[in-house]
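Trainee: For reference, the structure I am asking about is given below.
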Amino acid sequence: MVERTLKLEINDGTWMVNITTDSNDDGKYELLHPAKEAVVNISDEHMQGFDYSIAAHEGTPYKLLLDDIVLAEGAVNGGGVARGSGVV
């Protein structure tokens with residue numbers, strides 16, 4: 001396992017970011033409003049995924065990073081919510 005920094009760049013809103021390993025989830029969010037940064041353990045030997053949910057004003061830009069790697073980037077839609085998932 002390697003310690004990496006998970007970071008969300010956003011000016012306002014609320015959010016939840018979760019990292020899962022295989023199909024197992026420990027039930028804890030790695031980033032939960034108001035925290036914008038957390039140290040996470042990432043394994044090169046196991047597939048890990050992430051999912052996020054952001055509620056903010058329409059057009060609010062955000063960027064989710066793992067160290068210097070951009071995992072997700074965009075702006076909150078007209079419904080005031082941005083959601084997504086991917087592989088770390």
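Readers should treat all values here as calculations from the given coordinates under stated rules, not as data from a laboratory. Predicted model, so just to flag it, every value in this text is computed and none were measured. So basically every Cβ, Gly included, is an ideal-geometry build from the backbone, and we count neighbours across all protein chains shown.
Trainee: Report the local net charge at MET16: Lys and Arg +1, Asp and Glu -1, summed over other residues whose C-beta lies under 12 Å from its C-beta.
Mentor: 0
Trainee: May I ask for the longest run of the chain untouched by GluC sites (Glu not before Pro) that are loop-located per DSSP and have at most 15 neighbouring C-beta atoms (other than their own) within 10 Å?
Mentor: Maximal segment without exposed cleavage sites: 1-44.
Trainee: Can you tell which of ILE69, ILE42, ILE19 shows the greatest fluctuation in a Gaussian network model of the chain with Cα springs below 10 Å?
Mentor: Comparing ILE69, ILE42, ILE19 in the GNM, the peak value goes to ILE69.
Trainee: Kirkwood-based Rg over Rh for the chain (C-alpha set), two decimals?
Mentor: Ratio of gyration radius to Kirkwood radius for the chain: 0.96.
Trainee: Distance in nm between label sites at ASN41 and THR5, each 7 Å beyond Cα in the beta-carbon direction?
Mentor: Roughly 2.1 nm, to one decimal.
Trainee: In the neighborhood of GLY74, defined by Cβ-to-Cβ distances under 13 Å, what is the net charge if each Lys or Arg adds +1 and each Asp or Glu adds -1?
Mentor: Computed value for this residue: -1.
Trainee: Kindly provide the chymotrypsin sites (Phe, Trp or Tyr not before Pro) of segment 1-81 that DSSP labels as loop, not H, G, I, E or B, and whose Cβ sees at most 13 other Cβ atoms within 10 Å.
Mentor: none
Trainee: Measuring from centroid to centroid over Cα atoms, what is the spacing of segment 56-80 and segment 6-49 in Å?
Mentor: 14
Trainee: Compute, for segment 5-88, the length of the dipole vector about the Cα centre, with Cβ point charges of +1 (Lys, Arg) and -1 (Asp, Glu) only. Units Debye, rounded to 20.
Mentor: In total the dipole reaches around 300 debye.
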